[in-house]
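For reference, the structure is listed below as structure tokens.
We did not get these values from a lab; they are worked out from the coordinates using the rules stated. It should be emphasised that the depicted structure is a prediction, and the values quoted were computed from it without experimental measurement. Neighbour counts are summed over all protein chains in view; Cβ atoms, including those assigned to glycine, are modelled from backbone coordinates with ideal geometry.
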Amino acid sequence: FSNQTRAESYLETKKSGYLTMQSYSSQGKLVRNGEKNKLVICIEGNIASGKTTCLEYFSKTSNIEVLTEPVSKWRNVRGHNPLGLMYQDPTRWGITLQTYIQLTMLDQHLSTTSAPIRMMERSIYGAKYIFVENLYRSGKMPEVDFAVLSEWFEWITQNIAIPVDLIVYLQSSPQICHERLKERCREEEKIIPLEYLEAIHQLYEDWLIKKTSFNIPAPVLVISADDDLQKMIHQFEENREKILSGRNV
Ligand SMILES: Nc1ncnc2c1ncn2[C@@H]1O[C@H](COP(=O)(O)OP(=O)(O)O)[C@@H](O)[C@H]1O
Ligand SMILES: Cc1cn([C@H]2C[C@H](O)[C@@H](COP(=O)(O)O)O2)c(=O)[nH]c1=O
């Protein structure tokens, strides 16, 4: 056996539910069998920019599987609320929340689907490049926590194929998000100031518009998200073909 064949042979015997990784791709990453021809679209955007609303709209289309962020898990893991704890004391609990979010994002990326198109709310990339980065840059995440999370992230993305075909960026003004967030009234988020949404917005703009911060794993389709619901539906329809073909052309 070459090293690669031995590894493949080992992995073939290690079928454990949804994490059955059976072969190495040409880039030397673990890949999921049967997932190659599926289209993955990630909806990125600020808090309360309308991502869930967008996913709910497209969930009515046949052949699409929609995966909303598992916020209920982030609010309740074995009776603990890491999301609430993070907003109360980000320096202490940021690492706890972000470690768990990284795990649940990976879980979603790797979960099996029968539908040919998968639409996912954010991604493991958005969680790291926006939220972890924001905690770190704002001085609320200790350097050692950032280093450990970054090591985990790099190991995952260097060793496991996490394909994304298209990023749909719901570009919104932080002020509008703040108003929508207050209306939605999620208990943990009541203390979020406008400045927090402005910082998240800036990181998104640097990543997906200016393209000056981090690697972008897929082409980006930008949809302006400040409009009312009716106009948003019109925009979703106008962009339906681009979105569902996974191509920004
Ligand atoms: N275009 C829109 N105009 C007005 N309110 C909206 C619009 N899109 C979403 N909302 C409302 O704003 C809040 C946040 O939307 P949501 O889809 O949950 O955002 P996200 O998933 O990005 O956090 C919800 O109360 C939702 O009903
Ligand atoms: C991905 C991610 C999310 N959060 C926080 C931000 C919000 O309070 C919720 C989910 O927000 P949504 O935009 O309404 O879906 O989770 C976070 O703190 N860190 C993250 O990586």
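Observations on the model:
- A cut-off of 5 Å between modelled amide H atoms, ignoring neighbours fewer than 5 places along the same chain, links VAL66 with MET119.
- Cut-off 9 Å between beta-carbons: net charge of the residues surrounding LEU170, Lys and Arg +1, Asp and Glu -1: 0
- The value of relative contact order for the chain, using C-alpha pairs under 8 Å at least six residues apart, is 26 percent.
- Unsatisfied cross-links (Cα-Cα over 22 Å) in the set LYS128/LYS182; LYS73/LYS128; LYS190/LYS211; LYS51/LYS128; LYS29/LYS128: LYS128/LYS182; LYS190/LYS211
- Prolate/oblate/rounded label for the stretch 137-249 (Cα gyration tensor, a/c 1.5): oblate
- Amide H partners (placed H, <5 Å) of LEU221, local residues excluded: ILE167, VAL168, TYR169
- For trypsin sites (Lys or Arg not before Pro), the sites in the stretch 114-194 that DSSP calls loop and that have at most 16 other Cβ atoms within 10 Å are LYS140, ARG186.
- For the stretch 83-155, averaging the sequence separation of C-alpha pairs within contact (under 8 Å, six or more residues apart) and dividing by the residue count gives a relative contact order of 41 percent.
- Integer Hz, Karplus 6.51/-1.76/1.60 couplings in order for the stretch 188-197, x for Gly and Pro: 4, 8, 4, 8, 5, x, 4, 4, 5, 5
- A simple rule links phi to the HN-Hα coupling: the Karplus curve 6.51 cos²θ - 1.76 cosθ + 1.60 with θ = phi - 60°, which for the stretch 206-217 gives 4, 6, 9, 9, 6, 6, 10, 9, 10, 4, 9, x Hz, with x for Gly and Pro.
- Mean separation of Cα contacts under 8 Å, 6 or more apart, over the residue count of the stretch 128-218: relative contact order %: 37
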